Amino acid sequence: MSLAYPVSEIAAIIGATRLGNGPDGTVEHLVFDSRRLVNGPKSLFFTFSGPRNDGHRYLGELYAQGVRHFVVSRAVETEAFSGAVFLLVDDVLEALQTLSAAHRKRFSLPVIGITGSNGKTVVKEWLWQLLSPDLSVVRSPKSYNSQIGVPVSVWQIGPEHELGIFEAGISKKGEMARLAGIIACDIGIFTNIGDAHNEGFADWATKVREKSDLFAAARRLVYCRDHGLVAEILAERYPDREHVAWSFEDPDARVFLRELPFSDRASCENALHCAFLMRLLGHEDETIVRRLSELRPVELRLEAKVGINGCVLINDAYSADFLSLGIALDFLVQQSPSRQRSLVLSDLRETGRTPRQLYRDVAGLLAQKKVDRLVAIGEEIGAMREFMDEGLLSRSEWHPDTDAFVGTFAPERFREETILVKGARAFAFERIVRLLERKAHRTVLEISLDALGHNLQVFRGLVGPSVKVMCMVKAAGYGSGSHEVAHYLQYLGADYLAVAYADEGVELRQAGVETPILVLNPEENGFEAMVRYRLEPEMYSLPLLKNWTFFYENHFSGKKIPVHLKLDTGMRRLGFEESDLPDLLRWLKEHPLLEVNSLFSHLVASDAPEHDGFTRLQAERFERMSGRIAEELGRMPLRHLLNSGGIARHPAYRYEMVRLGIGLYGVDGSSLLGGRLEPVSTLKATISQIKRVPKGETIGYDRAGRVERDSRIATIGIGYADGFDRRLSNGVGKVLLRGQRVPVVGNVCMDMAMIDITDVPHAAEGDEVIVFGADLPVQEVAGWLGTIPYEVLTGVSERVSRVCVAD
């Protein structure tokens, strides 16, 4: 277990001024997120502050949960926190990193440090799979490789560990030097170099040099010399180190390749890094080959998928340690604000802590996350019983192993709840996942919540902290699934959500979403529901505004009447025109209870430079009309004019709020963001069957597809009823298979389509194909169809399962 530090010692390490009258307690856990509290009395909370959040706001909440040790960057009224200790520093992040670096220096265990553009987490997890049979290994949880994630990871090191494996990622110059001092690696792995975070560096050479700062203390380096720039710079910077610079052309590499259970180049490269590192550590080739053949794919992301009996299933069944359990439980909380929360949990292996110490903290974590039911599987986890509150204990069940659970499984025991499945690899919890997962259409739309959050941060960076962001979740989040997307946007602190119709907003409220919601197309038969569920309507005409006012006054006399006024500045679709203002202003004056929460309009061509003159005209009209309304109201409501494309192209018109739509989902209509957005949606299908078709034969309905050579034709489980447009037939469309684009052959059918896979010789039945995603952008598919990405995204059928994933 990690060492317990007296608070006085921590104060000395980080150079803090001590405030408050608390005793000199001890600290075991470092906390930087109030939602991730484990054991309050043994935790040290770091009050990180940023443009949109301030950790000091949570001092009272954490104090009430038992936390008595805080690192702060400004003075605190300590009288309100009797028995607490506040460590005042200039820079909270620097304090965290300094403390973790000091902790690292107490241990002489060898440490592997991993950096690069891609593959860091996979290499780390595979090394853990390969080396943990022989050694007690501590590693970064998930992809904890940031300025905060690295020190929190290194803090896990305890006297029982024999090897550390930590990854480090950076996005700008100077960051890696700080992480290098914390990790202090003996062996370095540089995975590869690519486009990730390019905006933070002048060029790739600069990025390689910055990343290679991680190896300042390393004695040995492992990398693929086929990445010429990496090899050149590492040789130049570290000529006195031992270099294992392997190549795909090495005979030894080809020997290892033959034993790998996959064939794509990225996976092979990641595995070969591991193989050559194992050889460096002295493992025999026979052992390396055997363990490589047993490598399992790394499930890097948490998945929320459809379960049996109306359940939501979160699959995290490939590893179980204390820190990653906290991460998974956070995801459970995000996905189940109003549902019962159930946890299927195995013994936590290789923690180095006694069961009593470990499961005391696990029980505290389950209580903090308000887990309603526990299914415990394993011999050691029974030690938790004495620490659990009576309510959770009475709703828990205990099984000695996975076989026992599977043998007594009854589907009716799980209904209308959110279930997190979290198990150590040895427990083979994929068997439990198969039992709990609803057997459905194998075509799925995968939604990356991390990409969604990344894109939101890109736009927040553009508009600055003073501008609010309204996120569009109409049309089921552009086809992504409105509930899950809305929950995550709420978690990320979106200021407003917008839906098309009242029933969409009602569904979000019923699912537990509390963020303010704007209804863009209110209808009179939905007025009562909008009031009941606290939805705020757009008002675009005087008759509609009058009816809304009368309804509210008749049913809720004396209460404020929320409205958002839509102004027509040139779209000629919906909205008040300038000629309507006298009557509108008169009505507002006569009904002072009308609460105008925002004024907005819609740009006709925010993406199109050739129409910038008209955009300026619209903005002038908007400012003129907004000014007249504000004068009548005696205040200026929130104003929002810009959509996704306009945010980048027209910074002068950001006002108090912007509306983020298609850009949130990864489509850059402005073409000014330089590839900074990440695709949120990936549409996937699988190969059902493969046939060998002789030259001259025809494929599918109407004999529309004719093969001009002996071919391998695969049938995939997606058709026009799923949203795979029939216009993609006969070579117009392509899908991605094992990294290669292959054409559609013949006519797309209702439930399936055929593709020519002749040039992908290793393709097999059951293989996954990508219809659109990161490597086959939805914009390109839209181009083949002669339409826009909106139509492709929203055209994905409701029968296609939505699976939300998060790193």
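The values are calculated or read from the model by the stated rules, or taken from the named source; none is laboratory data. From a predicted model like this one, the values you see are computed outputs, not experimental measurements. Methodologically, a virtual Cβ is constructed for each residue, glycine included, from the backbone with ideal geometry; neighbour enumeration extends over all protein chains shown. When the accessible area is computed, the model is the full protein with side chains, heavy atoms only, and any ligands, DNA or RNA have been set aside. Shrake-Rupley method; radii C 1.70, N 1.55, O 1.52, S 1.80 Å.
Identify, from the list LEU452, LEU492, LEU456, the residue that is modelled with pLDDT of 90 or more, surrounded by fewer than 23 Cβ atoms within 10 Å (Cβ to Cβ) and under 12 Å from the mean Cα position of the chain (by Cα).
Details: LEU452 fails: surrounded by fewer than 23 Cβ atoms within 10 Å (Cβ to Cβ); LEU492 fails: modelled with pLDDT of 90 or more.
Criteria check complete, one pass: LEU456.
Return yes or no: is ARG57 open to solvent by 70 Å² or more (accessible area, probe 1.4 Å), part of a helix (DSSP H, G or I), in contact with a Ser or Thr (Cβ under 9 Å, 6 or more places away or on another chain) and not acidic (Asp, Glu)?
So ARG57 fits the description; yes.
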Exercise. Counting just the residues of the range 116-137 that are β-branched (Val, Ile, Thr) and under 22 Å from the mean Cα position of the chain (by Cα), which one comes out surrounded by the most Cβ atoms within 10 Å (Cβ to Cβ)?
Worked result: VAL123
Exercise. Could we say that THR402 is among the β-branched types (Val, Ile, Thr) and either open to solvent by 60 Å² or more (accessible area, probe 1.4 Å) or within 27 Å of the chain's Cα centre (by Cα) (or both) here?
Worked result: no
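What are the residues in the range 699-716 that are closer than 19 Å to ASP751 by Cα and open to solvent by 20 Å² or more (accessible area, probe 1.4 Å), if any?
The answer is GLY700, TYR701, ASP702, ARG703, ALA704, THR715.
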Seminar exercise, completed: Within the range 268-288, the count of residues that are β-branched (Val, Ile, Thr) and open to solvent by 30 Å² or more (accessible area, probe 1.4 Å) comes to 1
Exercise. If we scan the range 659-674, do we find a residue that is over 24 Å from the mean Cα position of the chain (by Cα), of a type outside the set (S, T, N, Q) and part of a strand (DSSP E or B)?
Worked result: no
Exercise. Applying the selection to the range 512-528, what residues are open to solvent by 20 Å² or more (accessible area, probe 1.4 Å) and under 25 Å from VAL805 (Cβ atoms)?
Worked result: GLU514
Seminar exercise, completed: Among the residues of the range 718-755, the number that are under 17 Å from TYR701 (Cβ atoms) and assigned to a loop (DSSP other than H, G, I, E, B) is 17
Problem set entry | Residue satisfying all of: in the range 85-115; within 19 Å of THR47 (Cα to Cα) and more than 30 Å from the chain's Cα centre (by Cα); most open to solvent (accessible area, probe 1.4 Å) among these | ASP90
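Of all helices (runs of 4 or more DSSP H) completely enclosed by the range 113-185, which ones contain at least 3 residues that are touching a residue at least 60 places away in the same chain (Cβ under 8 Å) and farther than 30 Å from PHE262 by Cα?
Values: elements: 120-131, 149-154, 175-183.
In the range 113-185, the matching helices (runs of 4 or more DSSP H) lie at 175-183.
Which one of these is within 34 Å of the chain's Cα centre (by Cα), closer than 14 Å to LEU131 by Cβ and open to solvent by 10 Å² or more (accessible area, probe 1.4 Å): ARG291, ARG265?
Values: ARG265 fails: closer than 14 Å to LEU131 by Cβ.
ARG291 is the lone residue from the list that is within 34 Å of the chain's Cα centre (by Cα), closer than 14 Å to LEU131 by Cβ and open to solvent by 10 Å² or more (accessible area, probe 1.4 Å).
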For this session: Among residues belonging to the range 192-222 that are modelled with pLDDT under 95 and polar (S, T, N, Q), point out the one that is nearest to the chain's Cα centre (by Cα).
Result: ASN198
Exercise. When the range 525-583 is examined, which residues are found to be of a type in the set (S, T, N, Q), more than 40 Å from the chain's Cα centre (by Cα) and assigned to a helix (DSSP H, G or I)?
Worked result: ASN547, THR549, ASN554, SER579
For this session: Write out, first by first residue and then by second, each pair whose Cβ atoms fall under 8 Å of each other, whose residues are 6+ apart or on separate chains, and whose first residue, in the range 209-237, is closer than 15 Å to GLU167 by Cα and of a type outside the set (Asp, Glu) while the second is open to solvent by 50 Å² or more (accessible area, probe 1.4 Å) and in a strand (DSSP E or B).
Result: LEU221/GLU242; LEU221/HIS243; TYR223/HIS243
Problem set entry | Residue in the range 743-761 that is within 21 Å of SER448 (Cα to Cα) and open to solvent by less than 70 Å² (accessible area, probe 1.4 Å) present | no
Exercise. Under 9 Å by Cβ, and 6 or more places apart or on different chains, what pairs join a residue from the range 633-652 that is more than 12 Å from LEU599 (Cα to Cα) and open to solvent by 40 Å² or more (accessible area, probe 1.4 Å) with one that is among the acidic types (Asp, Glu) and part of a loop (DSSP other than H, G, I, E, B)?
Worked result: ARG649/ASP607
Seminar exercise, completed: Filtering the range 495-509 for residues that are open to solvent by 10 Å² or more (accessible area, probe 1.4 Å) and without any contact (Cβ under 8 Å) to a residue 40 or more places away in the chain leaves a count of 8
Exercise. Can you name the residue in the range 15-34 that is touching a Ser or Thr at 6+ places or on another chain (Cβ under 7 Å) and farther than 18 Å from LEU59 by Cβ and is also least open to solvent (accessible area, probe 1.4 Å) among such residues?
Worked result: GLU28
Problem set entry | Test: PHE576 is under 16 Å from GLU595 (Cβ atoms) and either touching a helix residue (DSSP H, G or I) at 6+ places or on another chain (Cβ under 8 Å) or open to solvent by 30 Å² or more (accessible area, probe 1.4 Å) (or both) | no
